[in-house]
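Notes for the one structure printed next.
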Amino acid sequence: KQWYQRRVRELFREGNFVYHILTPKYRDEVLMVLSRAFCTEPVCDAIGEKQPEMRPSLQDWVEFTDYWMDHCASNGLSVIALDEVGHRVAGAFIVRDLLMVPDGFDTKYNSDEKALTPWMNFLWHMDAEATKVMPELGEKGKAVDLWFLGVHPDYRGNKIANHLIRGVLPLIKNSGYKYGTIEATSAFTSMAAEYNGFTKLYEMKACDWLWKGQPLYINAKAPHGMWTFWVKQLYD
């Protein structure tokens, strides 16, 4: 039985990495890897150069990501990359129902006390505009969101992002959802989405988005600075 469970969770191997379905066993390690990875999220990293008080800290990202971990670590749709040599989680892609919002999350991230409030409001704007283009995304049970893709800085350059998407796609295709979505806040995530057959539905330059009537994310470094909402039809 233990051998069977291990093989079910293991999806495939590439080089020194084995790709697994995320389970609660790795919940906290994945939380830290994603939080560490997002400390270099392009617009947040760039704004910190001019407005240090607006740069989210590691603790900000941990608090933000922790809201999603119980759901994503138990839904059987999220995937992790494990370094078998170093015995570490190298990267993860956590997946959620597009309409799922944890209790208390929307209240907290509409508060001016949180450094990630503008960032999350930009994401909500992207979701709303994409849903205007494709109203079906707003219907319950229709869309699954490939929510947070992160590779630890120590492991970047190994094509882990592409392999994580490769691992996630069969899982979401078998889950009953009609569409898969990706909200890409970096050029690299958009490249991975396009490579894996996603279609661009809505995009906006970060410098054009207004927070309280003023542009906020104005100095993201190339090739970043364009946020894109991608969609893929999973079945006819």
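The values are calculated or read from the model by the stated rules, or taken from the named source; none is laboratory data. Source: prediction; values computed, not measured. We place every Cβ from the backbone using ideal geometry, glycine too, and count neighbours over all the protein chains shown. Note: areas computed on protein heavy atoms with side chains; ligands, DNA, RNA excluded. Shrake-Rupley method; radii C 1.70, N 1.55, O 1.52, S 1.80 Å.
Could you say whether any residue in the range 204-219 is without any contact (Cβ under 8 Å) to a residue 60 or more places away in the chain and in contact with a Ser or Thr (Cβ under 9 Å, 6 or more places away or on another chain)?
Checked the range 204-219: no residue is without any contact (Cβ under 8 Å) to a residue 60 or more places away in the chain and in contact with a Ser or Thr (Cβ under 9 Å, 6 or more places away or on another chain).
For the range 209-229, indicate whether the set of residues that are open to solvent by less than 20 Å² (accessible area, probe 1.4 Å), polar (S, T, N, Q) and at pLDDT 95 or above is non-empty.
Looking for residues that are open to solvent by less than 20 Å² (accessible area, probe 1.4 Å), polar (S, T, N, Q) and at pLDDT 95 or above, one finds at least one in the range 209-229, hence yes.
Within the range 139-154, work out how many residues are charged (D, E, K, R) and touching a residue at least 60 places away in the same chain (Cβ under 8 Å). Spell out how you get there, then give the answer.
If we filter the range 139-154 for residues that are charged (D, E, K, R), which is where we start, we get 139-140, 142, 145, 154.
Filter once more, keeping what is touching a residue at least 60 places away in the same chain (Cβ under 8 Å): 154.
Counting residues in the range 139-154 that are charged (D, E, K, R) and touching a residue at least 60 places away in the same chain (Cβ under 8 Å) gives 1.
Based on what the data block shows, is MET204 over 13 Å from the mean Cα position of the chain (by Cα), modelled with pLDDT of 95 or more and surrounded by fewer than 19 Cβ atoms within 10 Å (Cβ to Cβ)? Spell out the reasoning first.
Values: over 13 Å from the mean Cα position of the chain (by Cα): yes; modelled with pLDDT of 95 or more: yes; surrounded by fewer than 19 Cβ atoms within 10 Å (Cβ to Cβ): yes.
So MET204 fits the description; yes.
State all residues of the range 56-80 that are open to solvent by less than 10 Å² (accessible area, probe 1.4 Å) and among the hydroxyl-bearing types (Ser, Thr, Tyr); if no residue qualifies, say none.
THR65, SER78
Of the residues in the range 81-116, how many are part of a loop (DSSP other than H, G, I, E, B), in contact with a strand residue (DSSP E or B) (Cβ under 7 Å, 6 or more places away or on another chain) and either exposed (fewer than 11 other Cβ atoms within 10 Å of the Cβ) or of a type in the set (A, V, I, L, M, F, W, C) (or both)?
1
Touching an Asp or Glu at 6+ places or on another chain (Cβ under 9 Å), in contact (Cβ under 8 Å) with a residue 40 or more places away in the chain and either part of a strand (DSSP E or B) or on the phi > 0 side of the Ramachandran plot (or both) - does that describe any residue in the range 20-42?
Looking for residues that are touching an Asp or Glu at 6+ places or on another chain (Cβ under 9 Å), in contact (Cβ under 8 Å) with a residue 40 or more places away in the chain and either part of a strand (DSSP E or B) or on the phi > 0 side of the Ramachandran plot (or both), one finds at least one in the range 20-42, hence yes.
List every residue pair whose Cβ atoms sit under 8 Å apart, with the two residues 6 or more apart in sequence or on different chains, where the first one lies in the range 192-203 and is within 18 Å of LEU123 (Cα to Cα) and the second, anywhere, is open to solvent by 50 Å² or more (accessible area, probe 1.4 Å) and of a type outside the set (Ser, Thr, Tyr).
LYS200/GLU194; LEU201/VAL133; TYR202/VAL133; GLU203/MET226
Among the residues of the range 133-177, count how many are farther than 18 Å from GLN233 by Cβ and either surrounded by fewer than 17 Cβ atoms within 10 Å (Cβ to Cβ) or among the charged types (D, E, K, R) (or both).
6
For the range 119-236, which strands (runs of 3 or more DSSP E) that fit wholly inside it have 3 or more residues that are within 14 Å of LEU99 (Cα to Cα) and of a type in the set (A, V, I, L, M)?
The strands (runs of 3 or more DSSP E) meeting that bar are 143-151.
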